[in-house]
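Single-structure report; data block below.
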Amino acid sequence: MKKKKKYTFRKFLNDVHLWLGLASGIILFLVCLSGTILAFEHEIKDAFASELVVEPKGEKLSITSLTEKVTAANKGVLTSINIPASADEPYIFSIKENPKERRGTNLMVNPYTAETLVPEANPADAFCFFFFKMHRWLLLDSAIGRPIVGVATIIFLILAVTGLVLWFPKKVKWKNVKSGFKIKTKANWKRVNHDLHNTLGFYSLIFVVIMGITGLCWSFEGYREGLSEVIGAEIFNRSSPEYQVDMSDEKVATLPEVLSTVNTELDYAGEVSVSLPGGRSPYYSVRKYNTANFSPVTYDVVYLSKAGAVLDVEKFSDKPLGMQIASLIKPLHTGEIYGYFSKIIYFITCLIATSLPVTGTLIWLNKMKKKKK
(Lines give C-alpha, C1' and ligand atoms only; values in the text may rest on other atoms or scores of the structure.)
Protein backbone atom coordinates (compact mmCIF):
# COMPACT_ATOMS: atom_id res chain seq x y z
CA MET A 1 0.00 0.00 0.00
CA LYS A 2 1.36 3.37 -1.06
CA LYS A 3 2.00 5.94 1.61
CA LYS A 4 0.19 9.26 1.20
CA LYS A 5 2.53 12.12 0.45
CA LYS A 6 2.60 14.85 3.07
CA TYR A 7 0.90 18.10 2.13
CA THR A 8 3.91 20.36 2.52
CA PHE A 9 4.10 24.15 2.59
CA ARG A 10 5.71 24.07 -0.84
CA LYS A 11 2.77 22.05 -2.16
CA PHE A 12 0.42 24.62 -0.63
CA LEU A 13 2.25 27.47 -2.37
CA ASN A 14 2.17 25.50 -5.62
CA ASP A 15 -1.63 25.13 -5.33
CA VAL A 16 -2.04 28.82 -4.52
CA HIS A 17 0.11 29.74 -7.51
CA LEU A 18 -1.75 27.34 -9.80
CA TRP A 19 -5.37 28.13 -8.94
CA LEU A 20 -4.95 31.88 -8.56
CA GLY A 21 -3.11 31.90 -11.89
CA LEU A 22 -5.86 29.93 -13.64
CA ALA A 23 -8.62 32.07 -12.07
CA SER A 24 -7.06 35.37 -13.10
CA GLY A 25 -5.29 34.29 -16.28
CA ILE A 26 -7.53 35.98 -18.86
CA ILE A 27 -7.70 39.27 -16.93
CA LEU A 28 -3.93 39.36 -16.37
CA PHE A 29 -3.34 38.53 -20.03
CA LEU A 30 -5.47 41.52 -21.13
CA VAL A 31 -3.99 43.92 -18.56
CA CYS A 32 -0.40 42.96 -19.41
CA LEU A 33 -1.04 42.96 -23.17
CA SER A 34 -2.46 46.50 -22.99
CA GLY A 35 0.44 47.52 -20.74
CA THR A 36 2.88 46.30 -23.40
CA ILE A 37 1.24 48.58 -25.98
CA LEU A 38 1.04 51.55 -23.59
CA ALA A 39 4.76 51.32 -22.72
CA PHE A 40 5.36 53.25 -25.95
CA GLU A 41 2.07 55.16 -26.01
CA HIS A 42 3.66 58.56 -26.69
CA GLU A 43 5.95 57.16 -29.37
CA ILE A 44 3.02 55.47 -31.13
CA LYS A 45 1.05 58.71 -31.11
CA ASP A 46 4.04 60.71 -32.33
CA ALA A 47 4.58 58.27 -35.20
CA PHE A 48 1.07 58.93 -36.57
CA ALA A 49 0.75 62.59 -35.57
CA SER A 50 1.03 65.34 -38.14
CA GLU A 51 4.47 66.91 -37.79
CA LEU A 52 4.40 70.34 -36.20
CA VAL A 53 8.01 71.37 -36.63
CA VAL A 54 8.74 75.06 -36.19
CA GLU A 55 11.29 76.41 -38.64
CA PRO A 56 13.54 78.90 -36.81
CA LYS A 57 13.46 82.22 -38.68
CA GLY A 58 15.26 85.14 -37.13
CA GLU A 59 14.56 85.94 -33.48
CA LYS A 60 11.67 84.56 -31.49
CA LEU A 61 8.93 87.01 -30.56
CA SER A 62 9.01 88.11 -26.95
CA ILE A 63 6.88 86.09 -24.55
CA THR A 64 4.90 89.28 -23.83
CA SER A 65 4.10 89.82 -27.51
CA LEU A 66 3.13 86.17 -27.98
CA THR A 67 0.86 86.25 -24.94
CA GLU A 68 -0.90 89.40 -26.12
CA LYS A 69 -1.50 87.97 -29.60
CA VAL A 70 -2.79 84.62 -28.28
CA THR A 71 -5.15 86.14 -25.69
CA ALA A 72 -6.46 88.68 -28.24
CA ALA A 73 -7.28 85.93 -30.73
CA ASN A 74 -8.92 83.52 -28.27
CA LYS A 75 -11.71 83.77 -25.72
CA GLY A 76 -11.07 82.73 -22.17
CA VAL A 77 -8.38 83.05 -19.53
CA LEU A 78 -4.76 82.11 -20.13
CA THR A 79 -3.70 79.70 -17.35
CA SER A 80 -0.29 78.39 -18.35
CA ILE A 81 2.50 78.57 -20.92
CA ASN A 82 4.88 75.77 -21.83
CA ILE A 83 8.24 76.83 -23.29
CA PRO A 84 10.24 73.91 -24.77
CA ALA A 85 14.01 73.69 -24.58
CA SER A 86 14.32 73.01 -28.33
CA ALA A 87 14.23 75.88 -30.82
CA ASP A 88 12.12 73.96 -33.36
CA GLU A 89 9.18 73.11 -31.09
CA PRO A 90 6.02 75.21 -30.62
CA TYR A 91 5.06 76.94 -27.39
CA ILE A 92 1.90 75.59 -25.74
CA PHE A 93 -0.63 78.08 -24.37
CA SER A 94 -3.41 76.69 -22.18
CA ILE A 95 -6.68 78.67 -22.14
CA LYS A 96 -9.82 78.01 -20.11
CA GLU A 97 -13.13 79.38 -21.36
CA ASN A 98 -14.76 78.13 -18.16
CA PRO A 99 -12.93 78.31 -14.79
CA LYS A 100 -14.44 74.92 -13.87
CA GLU A 101 -12.60 73.20 -16.72
CA ARG A 102 -9.89 70.88 -15.46
CA ARG A 103 -7.33 71.36 -18.21
CA GLY A 104 -8.67 73.82 -20.76
CA THR A 105 -7.64 74.02 -24.41
CA ASN A 106 -4.02 73.71 -25.47
CA LEU A 107 -2.90 75.92 -28.37
CA MET A 108 0.36 75.19 -30.17
CA VAL A 109 1.94 78.47 -31.23
CA ASN A 110 4.88 79.22 -33.50
CA PRO A 111 7.16 81.45 -31.34
CA TYR A 112 8.59 83.18 -34.45
CA THR A 113 5.28 84.18 -36.09
CA ALA A 114 2.62 83.80 -33.34
CA GLU A 115 0.73 81.53 -35.76
CA THR A 116 -1.49 78.92 -34.10
CA LEU A 117 -0.60 75.48 -35.43
CA VAL A 118 -3.54 73.09 -35.72
CA PRO A 119 -2.57 69.41 -35.81
CA GLU A 120 -4.61 66.96 -37.87
CA ALA A 121 -6.67 64.29 -36.10
CA ASN A 122 -4.35 61.54 -34.92
CA PRO A 123 -5.64 58.01 -35.75
CA ALA A 124 -3.45 56.58 -32.99
CA ASP A 125 -5.40 58.43 -30.28
CA ALA A 126 -8.38 56.07 -30.50
CA PHE A 127 -6.06 53.05 -30.74
CA CYS A 128 -4.14 54.00 -27.58
CA PHE A 129 -7.29 55.01 -25.70
CA PHE A 130 -8.81 51.59 -26.43
CA PHE A 131 -5.85 49.87 -24.76
CA PHE A 132 -5.86 52.46 -21.96
CA LYS A 133 -9.47 51.53 -21.12
CA MET A 134 -8.55 47.86 -21.33
CA HIS A 135 -5.59 48.36 -18.99
CA ARG A 136 -7.49 50.41 -16.43
CA TRP A 137 -11.05 49.07 -16.63
CA LEU A 138 -11.10 46.01 -18.96
CA LEU A 139 -13.29 48.08 -21.33
CA LEU A 140 -16.02 48.06 -18.65
CA ASP A 141 -17.54 50.92 -16.70
CA SER A 142 -14.76 52.35 -14.52
CA ALA A 143 -16.70 51.67 -11.30
CA ILE A 144 -16.82 47.96 -12.21
CA GLY A 145 -13.59 47.48 -14.11
CA ARG A 146 -11.27 49.38 -11.75
CA PRO A 147 -11.73 47.07 -8.70
CA ILE A 148 -11.55 43.96 -10.92
CA VAL A 149 -8.19 45.09 -12.29
CA GLY A 150 -7.14 45.97 -8.73
CA VAL A 151 -7.95 42.49 -7.41
CA ALA A 152 -6.19 40.92 -10.40
CA THR A 153 -3.12 43.06 -9.62
CA ILE A 154 -3.11 41.82 -6.01
CA ILE A 155 -3.29 38.26 -7.33
CA PHE A 156 -0.41 39.01 -9.69
CA LEU A 157 1.72 40.17 -6.74
CA ILE A 158 0.87 36.96 -4.86
CA LEU A 159 1.80 34.96 -7.97
CA ALA A 160 5.11 36.82 -8.14
CA VAL A 161 5.98 36.00 -4.52
CA THR A 162 4.87 32.35 -4.67
CA GLY A 163 6.57 32.00 -8.05
CA LEU A 164 9.87 33.20 -6.60
CA VAL A 165 9.66 30.61 -3.80
CA LEU A 166 8.79 27.84 -6.29
CA TRP A 167 11.62 28.96 -8.59
CA PHE A 168 14.12 27.71 -6.00
CA PRO A 169 14.58 23.92 -6.20
CA LYS A 170 13.74 21.69 -3.24
CA LYS A 171 17.42 21.07 -2.66
CA VAL A 172 19.10 24.46 -2.87
CA LYS A 173 22.43 23.68 -4.49
CA TRP A 174 24.20 25.80 -7.07
CA LYS A 175 23.95 23.02 -9.64
CA ASN A 176 20.17 22.94 -9.24
CA VAL A 177 19.72 26.71 -8.92
CA LYS A 178 21.84 27.40 -12.02
CA SER A 179 19.32 25.67 -14.31
CA GLY A 180 16.69 28.27 -13.32
CA PHE A 181 18.70 31.03 -15.01
CA LYS A 182 18.56 29.65 -18.55
CA ILE A 183 16.15 28.20 -21.11
CA LYS A 184 17.02 24.81 -22.60
CA THR A 185 16.16 25.62 -26.19
CA LYS A 186 17.28 22.18 -27.46
CA ALA A 187 14.87 20.29 -25.17
CA ASN A 188 11.33 19.24 -26.13
CA TRP A 189 8.64 21.92 -26.33
CA LYS A 190 7.19 21.06 -22.91
CA ARG A 191 10.54 21.72 -21.23
CA VAL A 192 11.06 24.88 -23.26
CA ASN A 193 7.58 26.08 -22.24
CA HIS A 194 8.36 25.32 -18.59
CA ASP A 195 11.63 27.23 -18.79
CA LEU A 196 9.94 30.19 -20.49
CA HIS A 197 7.52 30.41 -17.57
CA ASN A 198 10.05 29.72 -14.84
CA THR A 199 13.10 31.63 -16.08
CA LEU A 200 11.46 34.62 -17.73
CA GLY A 201 9.15 34.97 -14.72
CA PHE A 202 12.21 35.19 -12.47
CA TYR A 203 13.94 37.84 -14.60
CA SER A 204 10.83 40.03 -14.80
CA LEU A 205 9.93 39.65 -11.11
CA ILE A 206 11.28 42.92 -9.69
CA PHE A 207 9.68 45.05 -12.41
CA VAL A 208 6.35 43.21 -12.12
CA VAL A 209 6.35 43.92 -8.37
CA ILE A 210 7.09 47.63 -8.97
CA MET A 211 4.28 47.84 -11.53
CA GLY A 212 1.87 46.06 -9.19
CA ILE A 213 2.64 48.12 -6.09
CA THR A 214 2.33 51.40 -8.00
CA GLY A 215 -0.64 50.29 -10.14
CA LEU A 216 -2.82 49.63 -7.09
CA CYS A 217 -2.75 53.37 -6.36
CA TRP A 218 -5.28 53.88 -9.18
CA SER A 219 -7.51 50.97 -8.12
CA PHE A 220 -8.09 51.49 -4.40
CA GLU A 221 -8.20 54.82 -2.58
CA GLY A 222 -7.61 53.13 0.78
CA TYR A 223 -4.45 51.47 -0.52
CA ARG A 224 -3.20 54.79 -1.91
CA GLU A 225 -3.77 56.50 1.42
CA GLY A 226 -2.06 53.64 3.27
CA LEU A 227 0.98 53.73 0.99
CA SER A 228 1.11 57.51 1.46
CA GLU A 229 1.31 56.94 5.21
CA VAL A 230 4.10 54.40 4.78
CA ILE A 231 6.32 56.64 2.61
CA GLY A 232 5.37 59.79 4.53
CA ALA A 233 4.09 61.80 1.55
CA GLU A 234 0.74 62.11 -0.18
CA ILE A 235 0.49 60.31 -3.52
CA PHE A 236 -1.24 62.21 -6.37
CA ASN A 237 -1.17 65.39 -4.30
CA ARG A 238 -2.60 68.10 -6.57
CA SER A 239 -3.07 70.75 -3.90
CA SER A 240 -1.20 74.04 -4.17
CA PRO A 241 1.07 75.19 -1.32
CA GLU A 242 -0.06 78.15 0.75
CA TYR A 243 2.07 81.27 1.09
CA GLN A 244 1.61 84.59 2.83
CA VAL A 245 1.28 86.85 -0.20
CA ASP A 246 1.02 90.63 0.12
CA MET A 247 -2.14 91.29 -1.91
CA SER A 248 -1.82 95.06 -1.40
CA ASP A 249 1.24 95.22 -3.64
CA GLU A 250 -0.06 96.57 -6.92
CA LYS A 251 3.08 95.81 -8.88
CA VAL A 252 2.69 92.91 -11.35
CA ALA A 253 5.80 91.22 -12.67
CA THR A 254 5.99 90.71 -16.43
CA LEU A 255 6.57 87.25 -17.87
CA PRO A 256 10.12 88.13 -18.99
CA GLU A 257 10.90 89.20 -15.41
CA VAL A 258 9.42 85.98 -14.04
CA LEU A 259 11.42 83.84 -16.48
CA SER A 260 14.60 85.79 -15.75
CA THR A 261 14.18 85.17 -12.02
CA VAL A 262 13.50 81.46 -12.57
CA ASN A 263 16.57 81.07 -14.78
CA THR A 264 18.64 82.80 -12.11
CA GLU A 265 17.37 80.43 -9.41
CA LEU A 266 17.61 77.37 -11.68
CA ASP A 267 20.67 78.01 -13.80
CA TYR A 268 20.46 75.22 -16.38
CA ALA A 269 18.90 74.58 -19.78
CA GLY A 270 15.52 72.92 -19.95
CA GLU A 271 11.82 73.04 -20.67
CA VAL A 272 9.84 75.60 -18.63
CA SER A 273 6.15 75.47 -17.71
CA VAL A 274 4.61 78.63 -16.22
CA SER A 275 1.31 78.46 -14.32
CA LEU A 276 -0.13 81.95 -14.04
CA PRO A 277 -1.79 83.39 -10.91
CA GLY A 278 -5.47 82.43 -10.86
CA GLY A 279 -8.32 80.98 -8.84
CA ARG A 280 -6.37 78.06 -7.37
CA SER A 281 -3.29 80.05 -6.38
CA PRO A 282 -2.58 83.81 -6.34
CA TYR A 283 1.05 83.37 -7.40
CA TYR A 284 3.27 82.10 -10.23
CA SER A 285 4.24 78.44 -10.18
CA VAL A 286 7.07 77.66 -12.61
CA ARG A 287 8.35 74.15 -13.33
CA LYS A 288 11.69 73.59 -15.00
CA TYR A 289 12.94 70.28 -16.40
CA ASN A 290 16.70 69.90 -16.56
CA THR A 291 17.74 68.65 -20.01
CA ALA A 292 20.82 66.97 -18.51
CA ASN A 293 18.92 65.32 -15.65
CA PHE A 294 18.93 61.56 -15.00
CA SER A 295 15.18 61.45 -15.54
CA PRO A 296 13.08 63.41 -18.05
CA VAL A 297 10.10 63.47 -15.68
CA THR A 298 11.68 65.11 -12.64
CA TYR A 299 11.57 68.87 -12.26
CA ASP A 300 12.27 71.77 -9.91
CA VAL A 301 9.69 74.42 -9.02
CA VAL A 302 9.97 78.13 -8.30
CA TYR A 303 7.04 79.97 -6.69
CA LEU A 304 6.83 83.72 -7.17
CA SER A 305 4.37 86.35 -6.02
CA LYS A 306 2.50 88.46 -8.57
CA ALA A 307 5.09 91.16 -7.96
CA GLY A 308 7.87 88.69 -8.88
CA ALA A 309 9.30 88.05 -5.40
CA VAL A 310 10.57 84.49 -4.86
CA LEU A 311 8.33 82.71 -2.35
CA ASP A 312 10.00 79.33 -2.46
CA VAL A 313 12.30 77.12 -4.53
CA GLU A 314 11.60 73.38 -4.49
CA LYS A 315 14.41 71.28 -5.93
CA PHE A 316 13.61 67.63 -6.57
CA SER A 317 17.02 66.53 -5.30
CA ASP A 318 16.40 68.30 -1.97
CA LYS A 319 13.05 66.62 -1.31
CA PRO A 320 12.86 63.81 1.27
CA LEU A 321 12.94 60.31 -0.24
CA GLY A 322 9.24 59.75 0.52
CA MET A 323 8.22 62.86 -1.41
CA GLN A 324 10.44 61.85 -4.33
CA ILE A 325 8.81 58.41 -4.47
CA ALA A 326 5.31 59.91 -4.20
CA SER A 327 5.94 62.25 -7.12
CA LEU A 328 7.35 59.39 -9.22
CA ILE A 329 4.52 56.87 -8.76
CA LYS A 330 3.18 57.34 -12.30
CA PRO A 331 6.56 57.21 -14.15
CA LEU A 332 7.55 54.25 -11.95
CA HIS A 333 4.41 52.47 -13.14
CA THR A 334 4.63 53.42 -16.81
CA GLY A 335 8.40 53.12 -17.22
CA GLU A 336 8.96 56.76 -18.15
CA ILE A 337 11.29 57.37 -15.22
CA TYR A 338 14.53 56.85 -17.21
CA GLY A 339 13.19 57.66 -20.66
CA TYR A 340 13.72 55.18 -23.51
CA PHE A 341 16.00 52.96 -21.44
CA SER A 342 13.36 52.15 -18.82
CA LYS A 343 10.57 52.05 -21.42
CA ILE A 344 12.36 49.25 -23.30
CA ILE A 345 12.79 47.31 -20.04
CA TYR A 346 9.10 47.78 -19.18
CA PHE A 347 8.03 46.78 -22.70
CA ILE A 348 9.99 43.51 -22.44
CA THR A 349 8.69 42.92 -18.90
CA CYS A 350 5.06 43.43 -19.96
CA LEU A 351 5.62 41.13 -22.93
CA ILE A 352 6.93 38.44 -20.57
CA ALA A 353 4.04 39.07 -18.14
CA THR A 354 1.58 38.66 -21.03
CA SER A 355 3.10 35.26 -21.83
CA LEU A 356 3.06 33.92 -18.24
CA PRO A 357 -0.69 33.07 -18.10
CA VAL A 358 -0.29 31.23 -21.44
CA THR A 359 2.83 29.24 -20.52
CA GLY A 360 1.45 28.56 -17.02
CA THR A 361 -1.81 27.18 -18.42
CA LEU A 362 0.13 24.92 -20.82
CA ILE A 363 2.19 23.56 -17.90
CA TRP A 364 -1.02 22.73 -16.05
CA LEU A 365 -2.60 21.06 -19.11
CA ASN A 366 0.49 18.91 -19.62
CA LYS A 367 0.36 17.77 -15.99
CA MET A 368 -3.32 16.93 -16.33
CA LYS A 369 -2.56 14.75 -19.37
CA LYS A 370 0.09 12.88 -17.36
CA LYS A 371 -2.37 12.22 -14.55
CA LYS A 372 -4.96 10.82 -16.99
CA LYS A 373 -2.40 8.45 -18.45
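Some notes on this structure:
- Options Asp46, Asp88: the member that is free of Cβ contacts under 8 Å to residues at least 12 places away in the same chain and either open to solvent by 70 Å² or more (accessible area, probe 1.4 Å) or farther than 30 Å from Thr153 by Cα (or both): Asp46
- In the set Leu166, Leu139, Leu200, only one residue is open to solvent by less than 40 Å² (accessible area, probe 1.4 Å) and either under 16 Å from Ile352 (Cα atoms) or among the hydrophobic types (A, V, I, L, M, F, W, C) (or both); that residue is Leu166.
- Scan of the stretch 72-85 for residues that are in contact (Cβ under 8 Å) with a residue 12 or more places away in the chain and either of a type in the set (Val, Ile, Thr) or open to solvent by 60 Å² or more (accessible area, probe 1.4 Å) (or both), ordered by number: Ala73, Lys75, Val77, Thr79, Ile81, Ile83, Ala85
- The set of residues in the stretch 326-343 being assigned to a helix (DSSP H, G or I) and either on the phi > 0 side of the Ramachandran plot or aliphatic (A, V, I, L, M) (or both) consists of Ala326, Ile329, Leu332, Ile337.
- Looking at Lys190, Lys171, just one residue is in a helix (DSSP H, G or I) and surrounded by fewer than 16 Cβ atoms within 10 Å (Cβ to Cβ), and that residue is Lys190.
- Within the stretch 62-86, the set of residues being more than 19 Å from Val262 (Cα to Cα), in a loop (DSSP other than H, G, I, E, B) and small (Gly, Ala, Ser) comprises Gly76 only.
- Residue, nearest to Gly270 (Cα to Cα), within the stretch 287-306, restricted to residues that are open to solvent by less than 20 Å² (accessible area, probe 1.4 Å) and not hydroxyl-bearing (Ser, Thr, Tyr): Lys288
- Among the residues listed as Thr67, Thr8, the single one being of a type outside the set (A, V, I, L, M) and open to solvent by less than 40 Å² (accessible area, probe 1.4 Å): Thr67
- No other residue among Ser204, Ser179, Ser240 is touching a Lys or Arg at 6+ places or on another chain (Cβ under 9 Å) and either modelled with pLDDT under 95 or over 23 Å from Gln324 (Cβ atoms) (or both) apart from Ser240.
Residue by residue, here is whether (1) farther than 30 Å from Leu30 by Cα; (2) in contact (Cβ under 8 Å) with a residue 12 or more places away in the chain holds:
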| residue | (1), (2) |
| --- | --- |
| Phe93 | yes, yes |
| Glu97 | yes, yes |
| Glu101 | yes, no |
| Pro111 | yes, yes |
| Thr116 | yes, yes |
| Pro119 | yes, yes |
| Asp125 | no, yes |
| Phe131 | no, yes |
| Arg136 | no, yes |
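- The strands (runs of 3 or more DSSP E) found entirely in the stretch 207-312 that carry 3 or more residues being of a type in the set (A, V, I, L, M, F, W, C) are 300-304.
- For the stretch 91-127, filtering for residues that are part of a loop (DSSP other than H, G, I, E, B), modelled with pLDDT of 90 or more and surrounded by fewer than 14 Cβ atoms within 10 Å (Cβ to Cβ) leaves 1.
The values are calculated or read from the model by the stated rules, or taken from the named source; none is laboratory data. Just so it is clear, the structure is predicted and the values come from calculations on it, not from any experiment. No Cβ is skipped: glycine too gets one built from the backbone with ideal geometry, and neighbour counts run over all protein chains shown. Surface areas here come from the heavy atoms of the whole protein model, side chains and all, with no ligands, DNA or RNA. Shrake-Rupley method; radii C 1.70, N 1.55, O 1.52, S 1.80 Å.
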